[in-house]
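Notes for the one structure printed next.
The values are calculated or read from the model by the stated rules, or taken from the named source; none is laboratory data. Computed from a prediction, not measured in an experiment: that's the story for all the values here. Cβ: placed from backbone, ideal geometry, glycine included. Neighbour counts: every protein chain shown.
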Amino acid sequence: MKELRRIVRNGNSTQVSIPRRMLEYLGWRPGEPIVIELTECGSIEIRRPVISDLRSPAKGMNLDNILPGARP
């Protein structure tokens, strides 16, 4: 399943909407926690959190403050 979407501004936020049929297929509901991860290949992965995501130290809503390819 593939959809072409645009990045939109909504006040001070920038958003991408997920089509309803994709949410229904995944069984996702509004308000559920998700992880948005920037990959080393320059794409974004959106998924449900796993235990290891919840164990990492967090600042606010950020689960990981390291950009892919960045050297500590």
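Worth a mention:
- When the range 5-29 is limited to residues that are more than 14 Å from the chain's Cα centre (by Cα) and surrounded by 11 or more Cβ atoms within 10 Å (Cβ to Cβ), the one that is farthest from Leu54 (Cα to Cα) turns out to be Pro19.
- Hey, Glu32 within 13 Å of the chain's Cα centre (by Cα), modelled with pLDDT under 95 and not in a loop (DSSP other than H, G, I, E, B) or not: no
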